[in-house]
Amino acid sequence: MPPKIYSPFDASNFSNRSCFLTGETLSSEEEKIQVFPQWLMSLYNLEDQPFKLLDESMATYKDIKLPCSATVNETYLEPLEAEIAAAFDGGYNAVKALEELKLFQWAGKLLYGIIFNEVQSGIKLQRSQGEEFNISQSIIHKFSNLHLMLQSINQPILFEDFKPFSLFLFKVSNNEQEFGYRDEINTLTFSLRIKDFGLIICFQDNGANRHYHREMLAKIGDQTLHPIQFEEFSGRVFYSAYLFNRLPEYNILPVDEEVYIEAMPLRGMSSKPLFDNWQNKIYGQVLESFWKNWGFLLLEIIKNPEEPMSFLFDADGNFVSEELIALPH
């Protein structure tokens, strides 16, 4: 028998009485897990820090939870959590040694947990206004595919000769106390900068963003980045994820006890390039937000509209070593 795939978006099931991963009925609404794992919250004292939801309401990191069966948590999520925690503790080299799929599953569960909370809060808000919950079909398509792929945590789901994601990992000379987290749920993009590394994942692009930035990646290689350089590269990836104009489609093929996911060609029936045109002014606005810690304003960033400010590359396009970077205090 092939595994039973659970599709919460088909039934609009975002109840606290159903396990987020399997859909099974829970014994109580208290059967939940933290979206931001306890080990990570403890490391950076995040529990009571504010976390802003899309509807402008404020929660704390520890408020953000997912309904999850105790069996699923103990059998699948806790071992994954333990493996990731140990690797993060070991820093860049240990994280680099991890299987990329494990990082995808771990970060994907975190991002999906935020999506789940956003959807629940959207349902409550629209019901209080006497409206049916409404969400765009393209967003449902992306979220459903992410949820399907997360079931590779607890089911024999295999990706047929492709990776559904672009993953970027860099060594970064971070301040040890700093917790740098960012996500964009519309484009399913995530970044985390902690310890001595920075991680960026685009969850639903079949590797397109990694290919898009291949020349820059080749120039950076394995060199250590200054935090401002990592944030610049993150800004580029978050912006290119916004420019990515395909909704990936997949064939789902049950074979005996396994389910194979096969990616349809991204080119599809469209003759359009995979990415819309890059506009430096919009990229500058993204960068202004990513460089908030250093106080650079849009006018400075795009002083030369053809060549926005960069700490990654010099005027000739060569990589700038992190020790050469001097920033205003």
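Given the options Phe197, Phe203, name the one that is modelled with pLDDT of 95 or more, in contact with a helix residue (DSSP H, G or I) (Cβ under 6 Å, 6 or more places away or on another chain) and surrounded by fewer than 24 Cβ atoms within 10 Å (Cβ to Cβ). Step through it out loud before you land on a result.
Working: Phe203 fails: surrounded by fewer than 24 Cβ atoms within 10 Å (Cβ to Cβ).
Of the residues listed, the single one that is modelled with pLDDT of 95 or more, in contact with a helix residue (DSSP H, G or I) (Cβ under 6 Å, 6 or more places away or on another chain) and surrounded by fewer than 24 Cβ atoms within 10 Å (Cβ to Cβ) is Phe197.
Quick check on Glu81: is it of a type outside the set (S, T, N, Q) and without any contact (Cβ under 8 Å) to a residue 24 or more places away in the chain? Walk me through how you get there before you give the answer.
Details: of a type outside the set (S, T, N, Q): yes; without any contact (Cβ under 8 Å) to a residue 24 or more places away in the chain: no.
In short, no.
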| message | For region 115-148: of the residues being closer than 14 Å to Ser57 by Cβ and among the aliphatic types (A, V, I, L, M), which is most open to solvent (accessible area, probe 1.4 Å)? | response | Leu125
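Name the one entry in Lys4, Lys32, Lys96 that is among the basic types (Lys, Arg), out of contact with any Cys (no Cβ under 9 Å at 6 or more places or on another chain), in contact (Cβ under 8 Å) with a residue 24 or more places away in the chain and open to solvent by 60 Å² or more (accessible area, probe 1.4 Å). Give the derivation first.
Values: Lys4 fails: in contact (Cβ under 8 Å) with a residue 24 or more places away in the chain; Lys32 fails: out of contact with any Cys (no Cβ under 9 Å at 6 or more places or on another chain).
Going through Lys4, Lys32, Lys96 in turn, just one is among the basic types (Lys, Arg), out of contact with any Cys (no Cβ under 9 Å at 6 or more places or on another chain), in contact (Cβ under 8 Å) with a residue 24 or more places away in the chain and open to solvent by 60 Å² or more (accessible area, probe 1.4 Å): Lys96.
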| said: Quick test for you: out of Leu188, Leu192, pick the one residue that is open to solvent by less than 10 Å² (accessible area, probe 1.4 Å), under 14 Å from Ile228 (Cα atoms) and touching a residue at least 12 places away in the same chain (Cβ under 8 Å). | reply: Leu192
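Condition test on Glu232, is it farther than 30 Å from Glu178 by Cα and either open to solvent by 50 Å² or more (accessible area, probe 1.4 Å) or at pLDDT 95 or above (or both)? Lay out the reasoning, then the answer.
Values: farther than 30 Å from Glu178 by Cα: no; either open to solvent by 50 Å² or more (accessible area, probe 1.4 Å) or at pLDDT 95 or above (or both): yes.
Criteria not met by Glu232.
Taking region 36-54 as the search range and keeping residues that are surrounded by fewer than 11 Cβ atoms within 10 Å (Cβ to Cβ) and over 25 Å from Glu78 (Cα atoms), which one is farthest from the chain's Cα centre (by Cα)?
Residues of region 36-54 surrounded by fewer than 11 Cβ atoms within 10 Å (Cβ to Cβ): 42, 48, 50, 52.
This time we only want the ones that are over 25 Å from Glu78 (Cα atoms), so: 50, 52.
Numbers: Pro50: 20, Lys52: 17 Å.
This residue is Pro50.
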| Single unsatisfied condition, Leu243 versus (1) open to solvent by less than 30 Å² (accessible area, probe 1.4 Å); (2) within 30 Å of Glu160 (Cβ to Cβ); (3) in contact with a helix residue (DSSP H, G or I) (Cβ under 6 Å, 6 or more places away or on another chain); (4) not β-branched (Val, Ile, Thr) | (3)
| message | Step by step: first the residues of region 253-302, then only those that are in a strand (DSSP E or B) and open to solvent by 30 Å² or more (accessible area, probe 1.4 Å), then the one that is nearest to Phe313 (Cα to Cα). Which residue is that? | response | Ala263
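The values are calculated or read from the model by the stated rules, or taken from the named source; none is laboratory data. What you see is a predicted model; the values in this text were computed from it and never measured. Reconstructed Cβ throughout: ideal geometry from the backbone, glycine too, with neighbour counts over all protein chains shown. These accessible areas exclude ligands, DNA and RNA; they are computed on the full protein's heavy atoms, side chains included. Shrake-Rupley method; radii C 1.70, N 1.55, O 1.52, S 1.80 Å.
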